[in-house]
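Participant: The structure follows.
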Amino acid sequence: MKVSPGIALLLLSARCTGAPPPMTTFAPKSDFAEWTRTLYLQVIAWDTLILVIVAVATLLAIFRYSTRVRAQHEAPPASPESLALEVTWTVGPALVLLAIAIPTIRTTFRFQPAVALANALTVKVTAHQWWWEVQYPDLEIRTANEIHLPMGQPVQLELQSADIIHSFWVPALGGKRDVIPGHMNTMTLVASVPGVYLGQCAEFCGLSHANMRFRVFVDTPAEFTTWSTHQAAPAAVPGRPLETAGAVAAGAQLYATSLCVTCHTINGVSTQTVGPDLTHFASRTTLAGGIADNTPDNLAAWLRDPEAVKPGAQMPNLGLSSQEVSQLVAYLESLT
Ligand code: CUA
């Protein structure tokens, strides 16, 4: 696949502006992430202990049996079988593995409870090659690639796949969870610090696996209410703002009569769910599975040639003229 220098530069700049904090397990922003970090530190402590023991034993053996140090060349004495040694190096590692396994299993089940939490906000996340569909059944909201969660409220994520196996991972909010076709995994958490946290598909799922990103916005309760009320409202009416009314109206007309409607939903216009819901497209900060900032230039590049922006993209190149691209950009960017 050839990427033009212009598009490469555009994507590079998109990735560098207003970047969220790095993806790290060491700066937890939820209860699940706190537990994950504790677990991680425990494993590191055990690993360090084993490393020290093995290193010291190796050094002792080197000096004890070095022919140069001993200034002699005969083989070291053959050791008779030692039951005590056999038992020690069998039982020792088994105990260490047990010490790691017990808190790991406890953490895994604590944040994947068999029964849904009574007061939790349900968020359905469906993985697609290579983007994330997000639904809030109780709030009648459908969006993509950007998940908003209220701070301090338990959230139950219901993770499903529309095609193959993916993995849902937001390091700042908790451990990975596989997303499997025909099977629902859940993840519960209480986000504790407002902010934007990067997520990434963590299971190789094809050509654009690395481009299957998403963002989690942890909002204050008031911000979340504002966001969810707006998302649940009907789509913007074409023709506003007035200065771009002509292009917006032309874009709306083009959208409604083109192949766009065979894949996308815009409430009141189209109803297909093959691709992301676009009802409030302009309210999102990113596009193309979270790999580029949602700007008119990036959207135009995406519409002109999706494959050039995201290898393997399932959105076809519709062969749009530059005027058609401008009209669609004007329309989609009016859908706040
Ligand atoms: Cu989806 Cu990797």
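Every read-out reported here was derived from the displayed coordinates using simple, explicitly stated rules and does not represent laboratory data. Worth saying up front: this structure is predicted, and the values here are computed from it rather than measured. Cβ coordinates were reconstructed from backbone atoms using ideal geometry, including for glycine residues, and neighbour counts include every protein chain displayed.
Participant: At a 10 angstrom cut-off on C-beta neighbours, averaged per residue, how do the peptides 287-297, 35-45, 196-206, 82-92 rank from highest to lowest?
Facilitator: Highest mean packing first, the order is 287-297, 196-206, 35-45, 82-92.
Participant: Estimate the FRET efficiency between T48 and E86 by the formula 1/(1 + (r/R0)^6), using the beta-carbon distance for r and 22 Å for R0, to the nearest 0.05.
Facilitator: 0.30
Participant: Using the number of other C-beta atoms within 10 angstrom as an exposure proxy, rank Y65, Y331 with the fewest first.
Facilitator: Least to most surrounded, the residues fall as Y65, Y331.
Participant: Between A172, P194, G268, whose Cα lies farthest towards the positive end of the dipole of the chain when Lys and Arg beta carbons carry +1 and Asp and Glu beta carbons carry -1, centred on the Cα centre?
Facilitator: Ranked along the dipole, the leading option is A172.
Participant: Using 7 Å Cα-to-Cβ label points, what is the Q314/I105 separation (nm, one decimal)?
Facilitator: Simple spin-label model gives 3.7 nm for this pair.
Participant: Rounded, prolate or oblate: which fits segment 126-246, taking a ≥ b ≥ c as square roots of the Cα gyration tensor eigenvalues, rounded meaning a/c under 1.5, else prolate when a/b beats b/c?
Facilitator: oblate
Participant: Amide H of I147: which non-local residues (sequence gap of 5 or more, or other chain) have their own amide H closer than 5 Å, using H built in the peptide plane?
Facilitator: Those lying under 5 Å, H to H, from I147 are R215, V216, F217.
Participant: Also: Report the percentage of all Cα-Cα pairs in the chain whose separation exceeds 30 Å, rounded to a whole percent.
Facilitator: In whole percent, the share of Cα-Cα pairs in the chain beyond 30 Å is 47.
Participant: Among F168, F217, F63, which one shows the biggest mean-square fluctuation in a GNM of the chain, springs joining Cα atoms closer than 10 Å?
Facilitator: Taking springs between Cα atoms under 10 Å, the residue moving most is F63.
Participant: So, one more: If each DSSP helix of 4+ residues adds -39,500 (n - 2.57) and the sum is divided by the residues in the chain, what number results at 222 nm, nearest 500 deg cm²/dmol? Intermediate values should be presented prior to the final figure.
Facilitator: Numbers: 9 runs with 128 residues, N = 336.
Rounded to the nearest 500, it is -12500 deg cm²/dmol.
Participant: Set the Förster radius R0 to 22 Å, insert the Cβ-Cβ distance between E158 and A232 as r into 1/(1 + (r/R0)^6), and round the FRET efficiency to 0.05.
Facilitator: So, using R0 = 22 Å, E works out to roughly 0.70.
Participant: Same structure, new question: Highest mean first, what order results for 249-255, 150-156, 318-324 on Cβ atoms within 10 Å?
Facilitator: Highest mean packing first, the order is 249-255, 150-156, 318-324.
Participant: Let me ask something else. Can you give the translational diffusion coefficient of segment 241-332 in µm²/s, computed by Stokes-Einstein from the Kirkwood radius over Cα pairs at 10 °C and 1.306 mPa s?
Facilitator: Working: Rh = 13.3 Å.
Once the numbers are plugged in, D ends up at 119 µm²/s.
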